[in-house]
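J.: The structure under discussion is supplied below as structure tokens; questions concerning it will follow.
Each reported figure results from applying straightforward, stated rules to the coordinates on display, with no laboratory input. Keep in mind that this is a model prediction, so the values were computed, not measured. Here Cβ is always computed from backbone atoms with ideal geometry, including for glycine, and neighbour counts include all displayed protein chains.
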Amino acid sequence: MVTRPNEATSHEFNPWLRVTSLIEDAGKVLGLNEGLVKRIVTPERVLEVAVPVRLDSGQVEMFAGWRIQHDTSRGPGKGGIRFHQSVNADEIAALSADMSIKCAVVNIPYGGAKGGVKVDPSTLSRGELERLTRRYAFSIAPMIGPDRDIPAPDINTDTQVMSWIMDTVSMLRGHNTPGVVTGKPLAIGGTLGHAGATSLGVTICASALLQRMNRLANEQRVVVQGYGKVGAPLVQLLSARGMKIVGIADVKGAIHVPGGIDPTALAKHFAEAGTVVGYPGSDFVASDQLFTIPSDIAIPAALGGVITEEVASSMAASIVVEAANGPTTGEGAAVLASRNIPVIPDVLANAGGVVASYFEWAQDLQGFMWEPELFHQRLEKFMHDAFNHIWQRHKDLGLTLRDTAIVAGVERIAEATELRGLFP
Ligand code: GLU
């Protein structure tokens with residue numbers, strides 16, 4: 001298993017090598033000593049679990065799962081759990097480090113963690129999915145808890161999966177433990193506003209950047225990759241701010257609608273067809289051509305590693321907002337920078353989700369639910385404060401927005417690490 005720095009040797013895109021080199025570079029900018037940088041880079045705790053599942057056929061199938069706590073100097077670990085066939089230790093380690101930085105960038109009292117199971121959940125029945133989730137939750141249970149590490153939804157996991165995890169841990173502990181996961185349904189300690197919070201944060205960041213660049217929202221054409229938990233609400237929110245969604249992709253393909261998509265009509269079409277493809281009046285486009293559609297803003301809101309050198313070279317948009325985690329490779333980022341295309345990095349752009357998780361957790365610990373207005377007011381404040389902080393530092397440091405965000409995050413992690421000292 002490759003989860004430690006310098007162990008990965010593959011020349012293919014390796015998200016772990018990418019994030020470790022970003023943290024190391026940030027350490028140099030901040031003048032941190034080498035030992036401190038090593039401490040910040042190295043994941044604190046790595047758990048790999050075998051997940052046996054009895055299939056409906058009676059056969060037993062084995063799956064591999066991970067939970068990785070990257071850094072807990074600023075608070076308990078925090079980060080989602082994804083179910084996807086491409087999950088591996090490197091990817092989860094990289095995403096756990098992204099979470100450490102993300103939580104520091106938006107200044108919420110958490111460290112970073114991430115989990116995942118290597119499985120294509122579309123091949124499982126509901127019963128199989130529940131058994132897989134519960135067995136995985138049981139296996140990582142010693143590592144998680146409201147003051148230890150708090151999972152949340154990520155790719156292919158939802159409120160139902162969170163309910164099963166919360167129930168499994170509650171059964172094990174012998175008492176109700178709502179604060180062990182966030183992104184739960186309202187009926188069992190979830191919060192109004194969690195659904196769509198990532199998309200709201202993306203919208204706030206995109207709007208703030210447009211304002212800084214003196215560009216009007218209603219003159220922007222947007223392409224969005226992904227029409228899931230983040231992409232679908234995003235299409236609604238951006239349209240409500242006057243932006244025109246001209247292209248959108250899902251796993252089945254992409255569509256181009258030069259005149260702009262009607263978000264309500266698209267939601268209706270998707271509910272019936274199960275894909276954006278075939279939306280009335282749209283042209284079909286090959287998925288890998290989405291970012292060549294004439295547009296002003298490109299928003300990857302699905303998987304990682306999609307904006308490669310080649311995609312960045314033919315990128316039609318003049319702004320990229322990373323709603324997905326790790327959508328841009330190192331080479332892709334270099335091309336975008338050389339083309340002067342600003343990128344709002346994932347650790348800032350998509351942090352609305354984890355801020356919402358923080359609010360849900362705080363309400364669960366308090367045993368007192370907030371008014372929805374308070375939730376939205378506070379979410380907006382956290383996102384605006386984070387954007388303003390990164391923007392100001394970006395101007396002062398003269399680095400890209402991504403490099404600035406990593407520096408700002410690592411700075412806060414380094415401060416906490418140094419204040420706490422080294423045990424024993
Ligand atoms: N999966 C989301 C993310 O990558 C949310 C994590 C959380 O709320 O803990 O930021």
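J.: Considering only L47, P327, V169, whose Cα is most displaced toward the positive end of the charge dipole of the chain, charges sitting on Cβ of Lys, Arg (+1) and Asp, Glu (-1)?
T.: The Cα lying farthest towards the positive end belongs to V169.
J.: Could you tell me how many cubic angstrom of Cα convex hull volume the range 323-391 has per residue? Could the numbers behind the result be given before it?
T.: Values: hull volume 6.5 nm³, N = 69.
For the range 323-391, the hull spanned by Cα atoms encloses 94 Å³ per residue.
J.: Please work out the C-alpha center-to-center distance from the range 192-229 to the range 283-355 and express it in whole Å.
T.: 13 Å
J.: In whole angstrom, how long is each semi-axis of the equivalent ellipsoid of the range 60-100, when you take the square root of 5 times every eigenvalue of its Cα gyration tensor and sort them from largest down?
T.: Semi-axis lengths for the range 60-100 are 22, 10, 8 Å.
J.: Putting +1 on Lys and Arg Cβ atoms and -1 on Asp and Glu Cβ atoms, find which of L336, G116, H194 reaches farthest to the positive end of the dipole of the chain.
T.: H194
J.: Considering the dipole of the range 286-424 built from charges on the beta carbon (Lys and Arg +1, Asp and Glu -1) around the Cα centre, which of L365, L290, L401 is farthest to its positive end?
T.: L401
J.: Then there's this: Taking Cα centroids, how far is the range 125-183 from the range 33-58 in Å?
T.: 16 Å
J.: With a 10 Å Cβ neighbour count serving as the proxy for reagent exposure, in which order, fewest first, do T123, T329, T275, T203 appear?
T.: Neighbour counts put them in this order, fewest first: T123, T275, T329, T203.
J.: Here's another thing I want to ask about it. As a footprinting exposure proxy, order Y110, Y279, Y358 by other Cβ within 10 Å, with the fewest listed first.
T.: Working: Y110 26, Y279 20, Y358 23.
With the sparsest Cβ surroundings first, the list reads Y279, Y358, Y110.
J.: Another question, then. Using θ = phi - 60° and the Karplus curve 6.51 cos²θ - 1.76 cosθ + 1.60, what whole-Hz ³J(HN,Hα) does each residue of the range 153-161 get, with Gly and Pro shown as x?
T.: x, 8, 4, 6, 10, 9, 4, 5, 4
J.: Here's another thing I want to ask about it. What full-extension length gain, to one decimal in nm, is calculated for A64 and E418 as 0.36 nm per residue of separation minus the Cα-Cα distance?
T.: Between A64 and E418, full extension yields 123.9 nm more.
J.: Test of understanding: ordering C205, C103 by Cβ neighbours within 10 Å, fewest first, what list do you get?
T.: Lowest count first: C205, C103.
J.: Please list 3J(HN,Hα) in residue order for the range 89-95, calculated via the Karplus relation 6.51 cos²θ - 1.76 cosθ + 1.60 where θ = phi - 60°; whole Hz, with x for glycine and proline.
T.: With coefficients 6.51, -1.76 and 1.60, one gets 4, 4, 5, 5, 4, 4, 5 Hz.
J.: Calculate how many DSSP beta bridges within the range 220-372 are antiparallel, expressed in % of all such bridges and rounded to the nearest 5.
T.: Roughly 35 percent of the beta bridges in the range 220-372 run antiparallel, per DSSP.
J.: Number of Lys pairs in the chain with C-alpha atoms less than 15 angstrom apart, excluding same-chain neighbours closer than eight positions?
T.: Going through the chain pair by pair, I get 6.
J.: Now a separate question. Would you please state the base-10 log of I(q)/I(0) at q = 0.10, 0.13 1/Å for the chain, with intensities from the Debye formula using one equal scatterer on every alpha carbon?
T.: Here the Debye-derived log intensity ratios amount to -0.66, -1.16.
J.: Based on DSSP, what percent of beta bridges with both residues in the chain are antiparallel, to the nearest 5?
T.: 50 percent
J.: Under a Cβ-only charge scheme (Lys and Arg +1, Asp and Glu -1), can you give me the dipole magnitude of the chain about the Cα centre, in debye to the nearest 20?
T.: 540 debye
J.: Most mobile of W370, W66, W361 per a Gaussian network model of the chain (Cα springs, under 10 Å)?
T.: Ranking W370, W66, W361 by mean-square fluctuation puts W370 first.
J.: Which value in deg cm²/dmol, rounded to the nearest 500, describes the helix-derived mean residue ellipticity at 222 nm for the chain, given -39,500 (n - 2.57) per DSSP H run of n ≥ 4 and division by the residue count?
T.: Using -39500 (n - 2.57) per qualifying helix, the result is -14000 deg cm²/dmol.
J.: Which three lengths, in whole Å and largest first, does the range 1-152 cover when its Cα atoms are put on their principal axes?
T.: Extents along the principal axes: 58, 37, 21 Å.
J.: Hey, another quick one. With +1 on the Cβ of every Lys and Arg and -1 on the Cβ of every Asp and Glu, and nothing else charged, how large is the dipole of the range 31-86 about its Cα centre, in debye rounded to the nearest 20?
T.: Charge dipole of the range 31-86: 240 debye, to the nearest 20.
J.: What is the Cα convex hull volume of the range 96-170 when expressed per residue in Å³?
T.: Details: hull volume 7.2 nm³, N = 75.
Dividing the Cα hull volume of the range 96-170 by its residue count gives 96 Å³.
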